[in-house]
Amino acid sequence: MSFTATKFAPSPLPLNSTTPRSNDKPLSFSFDHSKPNPSSSFLGSTRKLLRFNALAKPHAHTRASSSPVAAVLLERTSNLLVTKGEGLELYEDMILGRFFEDKCAEMYYRGKMFGFVHLYNGQEAVSTGFIKLLKKEDSVVSTYRDHVHALSKGVPSREVMSELFGKATGCCRGQGGSMHMFSKEHNLLGGFAFIGEGIPVATGAAFSSKYRREVLKQADCDHVTLAFFGDGTCNNGQFYECLNMAALWKLPIVFVVENNLWAIGMSHLRATSDPQIWKKGPAFGMPGVHVDGMDVLQVREVAKEAVGRLEEVRDQL
């Protein structure tokens, strides 16, 4: 199944300042253990780098250069550099999420877990790409598919699994269950059983950050909020209301649409008049970006750009 993630972030920049992204060709990667290029962004670093190339075969670059689309792809992917430590952190987080969900499925089918258990298998790159870029003080609001979001935010896997088993050692003392992960310590503001239920909560958290900084004069309050939700949520009213509020008040929030093309049993193509969700952002004066949710480095790059725009807006106010 193909998977995409769409992201909106409030910004006063021109609407055409963000180019829609599309990855028609999968990224392959190779390891470059040579010393960093002095002209690179890692100036002065002696750490080994992982360089991710757009195309696997060397001669493919020559063919691609004749295509404007391929040229843009090469330009976009040429900056996808991470250190060895960063690459291992991303890989470890995705592996943890996948193995965790596989074990949840096993326990559920064996009758060891009760109630609903919504799995996140295959979407790990979105959670890792966005959440691992955040600081501990930043907030995350999830959906009913929240196990891996909790893990990426730093909630110990033992606490998350204990919550799924209804144990008192769970992150919600066993009272929340699969769809209601919450951790005050890690600023995970909850999973929500009803679609769209978390978006107003995330908008409120972002407003709190802005209020503390501008009204209470807490200069160090530069917190960012991520609101995760699926494609089915984008047909609900609170989605549009909160986009309007976020743009109007210039709130430090990023809306992340995890579009897996299905709202439970309803096809996304049958449920919406315009299936290109990222286009809904510019209607409210904020950029909308389409990114391949299977590529953790592309997701991370988009997340970095979104957080950068929020910082630019905050500095201008």
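Residue pairs, Cβ under 6 Å, 6 or more apart or interchain, first in segment 154-172 and of a type outside the set (A, V, I, L, M), second open to solvent by 50 Å² or more (accessible area, probe 1.4 Å). List them.
If the second residue must be open to solvent by 50 Å² or more (accessible area, probe 1.4 Å), the pairs left are Ser162/Thr169; Gly170/Glu159; Cys171/Glu159; Cys172/Phe182.
Would you confirm whether or not segment 286-300 contains a residue that is open to solvent by 50 Å² or more (accessible area, probe 1.4 Å) and assigned to a helix (DSSP H, G or I)?
No, every residue in segment 286-300 fails to be open to solvent by 50 Å² or more (accessible area, probe 1.4 Å) and assigned to a helix (DSSP H, G or I).
Can you name every residue in segment 103-126 that is surrounded by fewer than 12 Cβ atoms within 10 Å (Cβ to Cβ) and either under 22 Å from the mean Cα position of the chain (by Cα) or small (Gly, Ala, Ser) (or both)?
Gly111, Gly115
Exactly one of these conditions fails for Asn121: (1) in a helix (DSSP H, G or I); (2) under 18 Å from Asp292 (Cα atoms); (3) not aromatic (Phe, Trp, Tyr). Give me its number.
Here Asn121 meets the rest and fails (1).
Residues of segment 80-91 being surrounded by 12 or more Cβ atoms within 10 Å (Cβ to Cβ) and either out of contact with any Asp or Glu (no Cβ under 7 Å at 6 or more places or on another chain) or modelled with pLDDT of 95 or more (or both), which ones?
Leu81, Val82, Thr83, Lys84, Glu86, Gly87, Leu88, Glu89, Leu90, Tyr91 - these are the residues of segment 80-91 that are surrounded by 12 or more Cβ atoms within 10 Å (Cβ to Cβ) and either out of contact with any Asp or Glu (no Cβ under 7 Å at 6 or more places or on another chain) or modelled with pLDDT of 95 or more (or both).
Listed here are the residues, each with its yes/no results for (1) open to solvent by less than 50 Å² (accessible area, probe 1.4 Å); (2) closer than 20 Å to Arg98 by Cα; (3) of a type in the set (Gly, Ala, Ser); (4) out of contact with any helix residue (DSSP H, G or I) (no Cβ under 7 Å at 6 or more places or on another chain).
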| position | (1), (2), (3), (4) |
| --- | --- |
| His149 | yes, yes, no, no |
| Ser152 | yes, yes, yes, no |
| Met161 | yes, yes, no, yes |
| Gln175 | no, no, no, yes |
| His180 | no, yes, no, yes |
| His186 | yes, no, no, yes |
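Taking Val140, is it outside any helix (DSSP H, G or I) and at pLDDT 95 or above?
Spelling it out, Val140 is indeed outside any helix (DSSP H, G or I) and at pLDDT 95 or above.
Quick check on segment 212-221. Is at least one of its residues at pLDDT 95 or above and open to solvent by less than 20 Å² (accessible area, probe 1.4 Å)?
Taking every residue of segment 212-221 in turn, none turns out to be at pLDDT 95 or above and open to solvent by less than 20 Å² (accessible area, probe 1.4 Å).
In segment 157-214, how many are assigned to a loop (DSSP other than H, G, I, E, B) and on the phi < 0 side of the Ramachandran plot?
Total meeting the criteria: 24.
Conditions first: (1) touching a residue at least 24 places away in the same chain (Cβ under 8 Å); (2) of a type outside the set (Phe, Trp, Tyr); (3) within 30 Å of Leu297 (Cβ to Cβ). Lys112 passes all but one, so which condition is the exception?
Looking at each condition in turn, Lys112 falls short on (3).
The values are calculated or read from the model by the stated rules, or taken from the named source; none is laboratory data. Bear in mind that the values here come from a model prediction, so they are computed numbers and not experimental data. We place every Cβ from the backbone using ideal geometry, glycine too, and count neighbours over all the protein chains shown. Each accessible area value is taken on the protein alone, full model and side chains, heavy atoms only, with ligands, DNA and RNA left out. Shrake-Rupley method; radii C 1.70, N 1.55, O 1.52, S 1.80 Å.
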